[in-house]
Amino acid sequence: MKTETIALLSPAPGTQQTLQVQRYGTSGASPKVYIQGALHADEVPAILVTQQLARRFAELESQGAIEGEIVLVPCANPIGLAQHNLGQHQGRFDLRDGGNFNRGFAHLADLVKDSLRAQLGPSSTDNTQVIRSALRAAAQALHANNTVQDLKNTLLQLAVDADIVLDLHCDTDAVMHVYALTPQAEMAEQLGAALGAQAVLLATESGGTPFDEACSRPWLVLQELFPEFPVELACFGATVELRGEADTSHVLAKKDALALCDFLSSQGVLRHSSAIPSPLCSATPLAGSEPITAPHAGVVVFHCTPGDVVVAGDLIADLVDAATGAITPLVCKSGGVLYGRCGQRWAQPGKRLAKIAGTSLARTGKLLSP
Ligand SMILES: [Zn+2]
């Protein structure tokens with residue numbers, strides 16, 4: 001294992017944040033896997049899993065059981081890890097400007113499309129190499145004028161030429177679930193099966209350019225832009241939601257790390273015996289995920305917990321008016337698994353209280369939470 005420490009753009013004299021990168025296997029070899037934890041820095045179960053992965057990868061490396069290269073960034077957001085506001089850790093949004101740490105990554109397809117037109121040809125393998133080196137060069141040329149942008153660019157530079165990119169997060173209070181691109185449903189379902197995911201949510205574009213899509217979507221965009229040339233989807237990207245924020249458990253972290261190793265074995269990255277269990281769910285469209293939203297302010301009383309399977313019309317929660325005591329029952333329109341719910345029990349109007357992986361809705365616009 002080699003470790004590398006990357007210094008981020010210093011915001012002021014005397015202040016320096018760094019990113020630690022671990023590399024396993026053979027540098028520059030294929031397939032390349034990139035895994036990072038806790039880009040949303042308050043989603044700390046991901047850090048337990050990356051620590052377990054580091055141990056397992058070191059063992060496998062000593063056995064010569066890693067094909068290609070694995071790049072692991074155990075704590076992807078040192079800026080967010082250090083942020084506190086009014087006594088609370090704040091790892092999701094940049095306190096400087098309110099920006100979500102997992103949005104606003106660069107659109108690399110836009111930067112490479114013009115130069116690629118003259119370089120693509122009839123061989124999909126050759127095209128993959130040409131596109132990969134163009135994406136690598138475009139990522140290296142990104143410019144940052146603040147530390148958070150530098151962090152985002154650096155993470156993208158480390159990941160953009162990988163065959164598999166796994167971004168480890170968690171939700172507020174949730175069961176295991178996975179986000180990925182619709183045309184990569186098969187791999188997403190394998191990953192979900194390995195992890196015991198109870199929802200696998202697919203979109204061709206979630207909106208807002210989260211990290212996984214910044215790596216995987218350029219291939220889809222280029223495939224659509226150049227129908228006359230064979231272009232593979234050569235990067236599988238997924239966001240893994242490792243249950244809820246409070247689910248910090250050594251047992252679960254070890255289990256999840258082994259599940260990720262099983263998935264990597266199934267993809268030919270690790271030589272380690274693995275058996276992927278039967279999936280607990282089929283993939284569903286992210287556009288069909290139904291947010292249960294508070295219509296007015298009130299105290300939230302849930303009638304469902306994460307993992308419950310509901311049918312249309314089921315009571316999800318009561319919203320109790322603080323002035324009158326009147327109860328507004330909140331029911332769902334679509335059936336499916338309730339895969340996540342909010343942590344606080346006081347709701348302001350418009351607050352998303354729970355999410356159901358349904359199939360009957362067709363939401364448009366930005367599909368992820370802000
Ligand atoms: Zn997150």
- request: Check cross-link reach from residue 351 to the lysines: straight Cα distance under 23 Å, and skip same-chain residues fewer than eight apart.
  value: 333, 366
query: Under 19 Å from the Cα of residue 113, which aspartates and glutamates turn up, not counting those fewer than eight places away in the same chain?
result: 126, 161, 205, 213, 224, 228, 232
task: For region 286-357, just the Cα atoms, rotate onto the principal axes and tell me the three extents in Å, largest first.
output: 35, 18, 18
task: For region 278-291, just list the computed ³J(HN,Hα) in residue order, Karplus coefficients 6.51, -1.76 and 1.60, θ = phi - 60°, integers in Hz, with x standing in for Gly and Pro.
output: 5, x, 8, 7, 9, 5, 10, x, 4, 5, x, 6, 9, x
- line: Given a Förster distance of 41 Å, the FRET efficiency implied by the Cβ-Cβ spacing of residue 58 and residue 146, rounded to the nearest 0.05, works out to 0.75
Degrees separating the helix 147-159 axis from the principal Cα axis of the chain, which is the longest one: 60
task: Find which of 86, 320, 118 sits farthest along the positive direction of the dipole of the chain, computed with +1 on the beta-carbon of Lys and Arg, -1 on that of Asp and Glu, about the Cα centre.
output: 86
- request: For residue 355, go through the aspartates and glutamates and keep the ones whose alpha-carbon is under 14 Å away, minus same-chain ones fewer than eight residues off.
  value: 171, 173, 241, 290, 308, 314
task: Looking at region 2-281, send over the antiparallel percent of its DSSP beta bridges, to the nearest 5.
output: 45
- prompt: Where Rh is the Kirkwood radius over the Cα pairs of region 41-185, the temperature 10 °C and the viscosity 1.306 mPa s, what D in µm²/s does Stokes-Einstein return?
  reply: 89
statement: Output for region 222-267: GluC sites (Glu not before Pro) sitting in coil per DSSP, at most 15 other Cβ within 10 Å, listed by number, reads 228, 232
task: For every other residue with a beta carbon closer than 15 angstrom to the beta carbon of residue 279, add +1 if it is Lys or Arg and -1 if Asp or Glu, then tell me the sum.
output: -3
message: I want the local charge near residue 211. Using Cβ-Cβ distances under 10 Å, sum +1 for each Lys or Arg and -1 for each Asp or Glu among the other residues.
response: -1
statement: What the 10 Å binned alpha carbon P(r) of region 191-266 shows, as percent of pairs per bin from 0, is 16, 37, 31, 12, 3, 0
query: About the Cα centre of the chain, what is the dipole size in debye to 20, counting +1 per Lys and Arg Cβ and -1 per Asp and Glu Cβ, all else neutral?
result: 400
message: Show me the ranking of peptides 346-358, 175-187 by mean Cβ neighbours inside 10 Å, starting with the highest.
response: 175-187, 346-358
message: What number does the chain give for Rg over Rh if you use C-alpha atoms and the Kirkwood radius?
response: 0.98
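Each value in this text was obtained by applying a stated rule to the coordinates, not by laboratory testing. None of the values given here were measured: they were computed from a predicted structure. Virtual Cβ from ideal backbone geometry, glycine too; neighbours counted across all protein chains shown.
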